[in-house]
Amino acid sequence: MPRPHPPEFRQRAIELVRLNEKPVSQIAEDLGISDSCLRNWVKRADIDDGRRAGVSTDEREELVRLRRELRVAKMEVEILKRAAAYFAKDHALPK
């Protein structure tokens, strides 16, 4: 897997694309990155800047965090249900 590029590099690459002086493929080649990589950076930046509809990076991070919390909460509830059933069965009053 290629090493991640610094945020400053990404930002400057996006600015070069937005200047519209060269095709995206030429800018990507000049920078030594793939065309699709640069297009994805521009798309993500457009969404984050509100130029394009979609889920922003901050919203995506929050969504991931909330899904993780929900998964943990569901597991905890399941454990508590099983514990309650175990103790209810174990301590049932004889008839």
Helix 35-48 against the longest principal axis of the chain: what's the angle in degrees, Cα atoms only, rounded to the nearest 10?
70
Can you spot the aspartates and glutamates whose alpha carbon is less than 15 Å from LYS81's alpha carbon? Ignore those fewer than 8 places along the same chain.
ASP90
Semi-axes (Å, rounded, descending) of the ellipsoid equivalent to the chain per its C-alpha gyration tensor are 53, 14, 9
Computed FRET efficiency, Cβ-Cβ of GLU76 and ALA53, R0 41 Å: what is it to the nearest 0.05?
0.70
Share of accessible surface on carbon and sulfur in the chain, whole %, 1.4 Å probe and ligands ignored, is 56
Between the helical axis of 7-19 and the dominant principal axis of the chain, each derived from Cα atoms, what acute angle in degrees is found, rounded to the nearest 10?
50
The alpha-carbon center of the range 23-62 and that of the range 76-90 are separated, in whole Å, by 48
Could you pull out every residue, at least 5 positions away or on a different chain, whose amide H is within less than 5 Å of the one on ILE33? Hs are placed 1.01 Å off N in the peptide plane, and Pro or chain starts have none.
none
Could you pull out the GluC sites (Glu not before Pro) across the range 1-68 that fall in loop regions by DSSP (anything but H, G, I, E, B) with no more than 15 other Cβ atoms inside 10 Å?
GLU21
In vacuum, with every alpha carbon of the range 26-80 counted as one equal point scatterer, what does the Debye formula give for log10 I(q)/I(0) at q = 0.26, 0.29 Å⁻¹? Two decimals, please.
-0.93, -1.00
Would you mind getting the accessible area per residue of the chain, heavy atoms of the protein chains only, 1.4 Å probe, in Å²?
86
Once Lys and Arg get +1 and Asp and Glu get -1 on their Cβ, which of HIS91, LEU38, ASN20 lies farthest toward the positive end of the dipole of the chain?
HIS91
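The values are calculated or read from the model by the stated rules, or taken from the named source; none is laboratory data. All figures in this text were calculated on a predicted structure; none of them were measured in a lab. Quick reminder, even Gly has a Cβ in these numbers, built from the backbone with ideal geometry, and neighbours come from all protein chains shown. Calculation scope for accessible area: heavy atoms of the full protein, side chains included, ligands and nucleic acids excluded. Shrake-Rupley method; radii C 1.70, N 1.55, O 1.52, S 1.80 Å.
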